[in-house]
1. For segment 10-64, give me each residue that is β-branched (Val, Ile, Thr), over 20 Å from Leu119 (Cβ atoms) and under 12 Å from the mean Cα position of the chain (by Cα).
2. Cβ-Cβ under 6 Å, sequence separation 6+ or interchain: first residue in segment 30-48 and touching a residue at least 60 places away in the same chain (Cβ under 8 Å) and β-branched (Val, Ile, Thr), partner in a loop (DSSP other than H, G, I, E, B) and surrounded by 11 or more Cβ atoms within 10 Å (Cβ to Cβ). Which pairs?
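No value in this document is a laboratory result; all are computed from the given coordinates. These numbers were taken from a predicted model, which means no experiment stands behind them. Positions of Cβ are backbone-derived with ideal geometry, glycine not excepted, and every protein chain shown enters the neighbour counts.
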Amino acid sequence: MKIIGFNFTKIHGNRSLDFKPSASINTNIEIIDVEKAQIEVIKDIESLKLSFKFSLIYKEEEKKDSRQAEISFEGAVLMAVDNTESKEILKSWKKKEVPQLIRPNLFNYILQKCSVKALSLEEDLNLPFFPQLKYN
């Protein structure tokens, strides 16, 4: 597997007026869809397009359904894969699962790309930076 492309299709950020800095931050990466992709430049290599959603949700710690702010990204990762990998990934996706074979590299790549944008939005919305480090 080799990542050959990445793009954002949606960037969203909002913050409530009564935001409290003590909010906890929940991070989520969700793969929405996996499909074969046709790339005109490299016709002889098989490729897959994985659509994703990455979100940071800021909540009050004591209340479960108290969204105070949210930053989310949607986009796609384009991967070059061999025939065997392609079959395995598409087979797993029929069960709405991402195979363990590609999950760590894929999720780390999405996290890397989205984190940079998230830091900028957090600064613009005056939100605590993710990830937060706690010192004793």
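1. Taking segment 10-64 first, the residues β-branched (Val, Ile, Thr) are 11, 25, 27, 29, 31-32, 34, 39, 41-42, 45, 57.
So of that shortlist, the ones also over 20 Å from Leu119 (Cβ atoms) come out as 31-32, 34, 39, 41-42, 45.
Ile31, Ile32 - these are the residues of segment 10-64 that are β-branched (Val, Ile, Thr), over 20 Å from Leu119 (Cβ atoms) and under 12 Å from the mean Cα position of the chain (by Cα).
2. Listed pairs, sorted by first residue: Ile31/Val98.
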